[in-house]
1. Is there any pair with a first residue in region 119-148 that is among the aliphatic types (A, V, I, L, M) and a second that is modelled with pLDDT under 85 and in a helix (DSSP H, G or I) whose Cβ atoms are under 9 Å apart and which are 6 or more apart or on different chains, and what are they?
2. State whether the residues of region 186-208 include one that is modelled with pLDDT of 90 or more, more than 19 Å from residue 110 (Cα to Cα), over 30 Å from the mean Cα position of the chain (by Cα) and open to solvent by 10 Å² or more (accessible area, probe 1.4 Å).
3. Could you list all residues from region 255-285 that are open to solvent by less than 10 Å² (accessible area, probe 1.4 Å), among the aromatic types (Phe, Trp, Tyr) and closer than 27 Å to residue 219 by Cβ?
4. Picking from 113, 150, 87, which residue would you name as being at pLDDT 80 or above, under 23 Å from residue 200 (Cβ atoms), out of contact with any Cys (no Cβ under 8 Å at 6 or more places or on another chain) and in a loop (DSSP other than H, G, I, E, B)?
5. Residues of region 90-104 being in a helix (DSSP H, G or I), open to solvent by 40 Å² or more (accessible area, probe 1.4 Å), out of contact with any Gly (no Cβ under 8 Å at 6 or more places or on another chain) and not hydrophobic (A, V, I, L, M, F, W, C), which ones?
6. Between 288, 240, 236, which is open to solvent by 20 Å² or more (accessible area, probe 1.4 Å), in contact (Cβ under 8 Å) with a residue 40 or more places away in the chain and not small (Gly, Ala, Ser)?
7. Which members of region 370-406 meet the condition of being within 22 Å of the chain's Cα centre (by Cα) and either on the phi > 0 side of the Ramachandran plot or crowded, with 19+ Cβ neighbours inside 10 Å (or both)?
8. What number of residues within region 291-342 are of a type in the set (Phe, Trp, Tyr), touching a Leu at 6+ places or on another chain (Cβ under 8 Å) and surrounded by fewer than 19 Cβ atoms within 10 Å (Cβ to Cβ)?
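The values are calculated or read from the model by the stated rules, or taken from the named source; none is laboratory data. Predicted model only: the values in this text are computed from it and were never measured. Positions of Cβ are backbone-derived with ideal geometry, glycine not excepted, and every protein chain shown enters the neighbour counts. All accessible areas refer to the heavy atoms of the entire protein, side chains included, with ligands and DNA or RNA removed. Shrake-Rupley method; radii C 1.70, N 1.55, O 1.52, S 1.80 Å.
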Amino acid sequence: MLRQILNKLPRKSSKKAENRDGAHTLYSNPPTSSRSNDSGTSKSGNLTTSFPSGNVVADVVKSYSNKNARGANMKPNGFAFSSSYEALPGFRDVPNAEKQSLFIKKLSLCCVAFDFTDPTKHLKEKEIKQQTLLELVDYVTKPNSKFSEALMQELIKMVSANLFRAFTPQPRENKVAEGFDLEEEEPSMDPAWPHLQVVYELLLRFVASPETDAKLAKRYVDHSFILKLLDLFDSEDPREREYLKTTLHRVYGKFMVHRPFIRKAINNIFYRFIFETEKHNGISELLEILGSIINGFALPLKEEHKLFLVRALIPLHKPKCLAMYHQQLSYCIMQFVEKDCKLADTVVRGLLKYWPITNSSKEVLFLSELEEVLEATQPSEFQRCMVPLFRQIAHCLNSSHFQVAERALFLWNNDHIENLIRQNRKVILPIILPALEKNARNHWNQAVHSLTLNVRKIFNELDPELFKECLLQFQEDESKDGEVTARREATWKRLEEVAAKKSASNEAVLVFGKAPPRTTSL
């Protein structure tokens, strides 16, 4: 009888059994993210999810505050929390006077970071945090009273706790500096992105909100915060870089006091990328931000901005991985040229300084950018750089890589560039005619051969006398080169004969003869 009564009593669960699985042990530090390169992914700069109302959590999550503690107290991100992670009431359930206080409590709740690499851990806690973040986004979006200073401080603290983290270096990033085509590789997306995306959206809407007082917020969105935000641009997840691009641009627009610092900090990232590492995932996004910033520069341009062009933008043509950000870089360069046409000469000479010698794909990019710059160049600026410019173009015309030669010949399809060449034909034709003649005789590609004949015909019809004069000069130089070659071969033959006669002895071989004169090629 006693045994039957005892069997009916509820048994107390073992604390060891509950603690063994570690289901509610939170991580002390934010998880590190896997990084991927920008390829084949849709950009998510605008959050398309319709955010739920602030009262969702109360309906979804059941309170379990009366349960026994599971595991020891945790200290994620430096804050002490009990092991029971509870949802707070929705904003609709509290009076207006208490909403900002509840907002701060929810921010503190979201400072806890979970491990997203294991999808089986902390499912209920992750769901609570996700819904709480959505409520916060919804609250910031709706028109309310001005955000208090305490609210701003806690919001920036929560954002920092979730976003600022160290990236795990991937062996594959070495391929960037070696010039591999990373667009063909599948990106390894950050498993925490669904959670990070809402944090980014909260930060973005907070910065863009008219309720945010920039004079108060600048105390917390300070230089340290901006530098850490810029560090995140090295993320391999293109979705994160897209959000960072939009957020930093909003910060630049909102906080005018930080604008010089942001430009300087971006410069420093470029300097390290160009002259030290040649490894960074966010160069194209940073250039895209700068393209918008440069577009807003007032005229006349400050000396600081011209130095930025010379010291940062032009040297960005140097790294091997130029193709990953060339479109954005070219846009920034063109913004400067369009604002101040006198900078065209500086840009052209900068391109010539970093002109690739053995990388044909980069050479094609340079020629494309050169055409854009020349299209915006005035005759006076063109005359200052045309001699070194067309010496380089002549080398491109004779390139054995057909795409390089073809792209150089396409310059004559541009009406503005053709007019500049026509006006200065007496200087340009003597430089490029030898290259045109060699192509017309010997180039292996039929398309290049046909384009060469077309350009040759343009010059012949434009100024027959000049063309004939330059052609005669080329033939004369060619015959002289033939004589020099023949003399050189005769000298080597005589040297071989003398060496053969004295091969048995150890005597030094002296060959007397006049050394051939050095010839300079245009």
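1. Once the first residue is among the aliphatic types (A, V, I, L, M) and sits in region 119-148, its partners that are modelled with pLDDT under 85 and in a helix (DSSP H, G or I) give 128/57; 128/60; 134/56; 134/57.
2. No: zero hits.
3. Once the filter is applied, which keeps residues that are open to solvent by less than 10 Å² (accessible area, probe 1.4 Å), among the aromatic types (Phe, Trp, Tyr) and closer than 27 Å to residue 219 by Cβ, region 255-285 yields only 255.
4. Working: 150 fails: in a loop (DSSP other than H, G, I, E, B); 87 fails: at pLDDT 80 or above.
Just one listed residue meets the conditions, 113.
5. Quick first cut of region 90-104, residues in a helix (DSSP H, G or I) only: 91-93, 96-104.
Among the residues that remain, those that are also open to solvent by 40 Å² or more (accessible area, probe 1.4 Å) are: 92-93, 96-99, 101, 104.
When the remaining residues are screened for being out of contact with any Gly (no Cβ under 8 Å at 6 or more places or on another chain), the result is 93, 96-99, 101, 104.
Within region 90-104, 93, 96, 98, 99, 101 qualify.
6. Working: 240 fails: open to solvent by 20 Å² or more (accessible area, probe 1.4 Å); 236 fails: open to solvent by 20 Å² or more (accessible area, probe 1.4 Å).
The unique qualifying residue is 288.
7. Of region 370-406, the ones within 22 Å of the chain's Cα centre (by Cα) are 370, 372-373.
Listed by number, the residues that qualify are 370, 373.
8. Of region 291-342, the ones of a type in the set (Phe, Trp, Tyr) are 297, 308, 325, 331, 336.
From what is left, the residues that are touching a Leu at 6+ places or on another chain (Cβ under 8 Å) are 325, 331, 336.
Adding the requirement that they be surrounded by fewer than 19 Cβ atoms within 10 Å (Cβ to Cβ) leaves 331.
Of the residues in that region, 1 qualify.
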